[in-house]
Amino acid sequence: MRIAVIHEAAHPPTSSIEILYAIKDKGVEALYLRPSRLSCHITNGNVKFFYGLRELPPIDAAIVRSLGFITSLEQFVKRYTIIKLLELKGTLVINPVDSITICRDKFLSLSILALNGVPVPETLITEVIPLAMSMSKNFGTFVLKPIIGSLGLGSLRLNDVDMLFNIAKLYTVLNQPLYVQRYIKKPGRDIRILVVGEKIIGAIYRIAPSSDVWKTNIAQGAKPQPAELDDELRELSIKTMKILGLHYAGIDVVEDEEDNKHRYKVIEVNASPLWSGLKRALGVEPAKELVEYVIRLIRQ
């Protein structure tokens, strides 16, 4: 049996190292593959894969952690295509590249969830500045986010449409659309839920470092604390996984203090989640859980 971990970093980051060790601990051969080094060759009615200059050996499963920092549409298409072809050739790809792509697009993933009955924040995507200003005025306090991003970087909380106008002009120059979301008043924390298959590995509150800090990402200084999940949150987590076609994910949920009908709202789903905060707070081993799950699927 051979399982690959796919990540673009020249040196595997901590989460990928943990997965590689978990694979080896199971007596399984582990490979670390960078998407930029993967190639594909159509020949004699078949496709063959190369890594660097050598033909890639058969792989039973590939755990995709990152396609890398994409600088062009062509680069994305090439990397997406090769991972998709691995799937089509019978390799178990975790998570499926289509699901990863959907989750990388914050607006598309939230739209799909909303269409399937999952509560999400009121959100607008547009390139029309007057529409963004009009809706933001109705929102009152709102958040301007990058459509593709992580760790809370680039997100701005605003309540001034004139400020939005100035930022929007810069976005237009950079050919960037506007992603504007109603700010959800929350109790100084959000909830990160880590799911593998249909098993909830654990959940944490991510507590903002102070009352004047609104971001609750661990990378932004939030403190992890164990969270107890009620039946509604458990059901919401599994439903989210199934809707987006995910094998494992980090699901971020906010508690809306102003909405009595839908207390919980999904704000983001990460198809390649980091888990250092969750490990620190709960003492769980997400890499081990993930690898055991992947091996079970291979053997089915």
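Data for the structure
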| read-out | value |
| --- | --- |
| Per-residue ³J(HN,Hα) for segment 30-39, Karplus 6.51 cos²θ - 1.76 cosθ + 1.60, θ = phi - 60°, Hz, x for Gly and Pro | 10, 10, 10, 10, 9, x, 5, 9, 8, 9 |
| Thr101 accessible area, assembled protein chains, probe 1.4 Å, Å² | 50 Å² |
| For Tyr80, solvent-accessible area (1.4 Å; no DNA, RNA or ligand), Å² | 60 Å² |
| Max mean-square fluctuation residue, GNM over the chain, Cα-Cα springs under 10 Å, options Ser72, Ser276, Ser39 | Ser72 |
| R0 of 45 Å, Cβ-Cβ distance Ala10-Leu174: FRET efficiency to nearest 0.05 | 0.95 |
| Gaussian network model of the chain, springs between alpha carbon atoms under 10 Å - residue of Gly188, Gly45, Gly197 with greatest fluctuation | Gly45 |
| Residue-averaged 222 nm ellipticity for the chain, from DSSP H runs of 4+ at -39500 (n - 2.57), nearest 500 | -11000 deg cm²/dmol |
| Positive-pole candidate from Phe50, Pro286, Leu124, dipole of the chain, charges at beta carbon | Phe50 |
| Those lysines that a straight Cα-Cα span of less than 17 Å connects to Lys239, excepting residues fewer than 8 apart in one chain | Lys199, Lys265 |
| For segment 1-143, share of DSSP beta bridges that run antiparallel, in % to the nearest 5 | 40 percent |
| Accessible-area composition of the chain, carbon plus sulfur, in percent [1.4 Å probe] | 53 percent |
| Accessible area in the full protein assembly, largest first, 1.4 Å probe, for Arg280, Arg299 | Arg299, Arg280 |
| Dipole-positive endmost among Thr81, Met1, Asn138 within segment 1-140 (Cβ charges, Cα centre) | Met1 |
| Most mobile listed residue (Thr71, Thr81, Thr14) in the chain, GNM with C-alpha springs under 10 Å | Thr71 |
| Heavy-atom surface of the chain, accessible at 1.4 Å and reported per residue (Å²) | 51 Å² |
| Sites matching GluC sites (Glu not before Pro) across segment 247-299 that sit in DSSP coil, with at most 12 neighbouring C-beta atoms within 10 Å | Glu257, Glu258 |
| Full-extension gain in nm, Asn159 to Glu87, via 0.36 nm per residue minus C-alpha separation | 21.4 nm |
| FRET efficiency, Glu292 to Asn116 (Cβ-Cβ, R0 35 Å, nearest 0.05) | 0.75 |
| Accessible area, probe 1.4 Å, largest first, for residues Ser36, Ser272 | Ser36, Ser272 |
| Estimated FRET transfer efficiency (Lys199, Asp231; beta-carbon r; R0 22 Å; 0.05) | 0.90 |
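The values are calculated or read from the model by the stated rules, or taken from the named source; none is laboratory data. Since the model is a prediction, treat every value here as computed from it, not as a measurement. Neighbour counts are summed over all protein chains in view; Cβ atoms, including those assigned to glycine, are modelled from backbone coordinates with ideal geometry. Ligands, DNA and RNA are stripped out before the accessible areas are found, and what is left, the full protein with its side chains, is counted by its heavy atoms. Shrake-Rupley method; radii C 1.70, N 1.55, O 1.52, S 1.80 Å.
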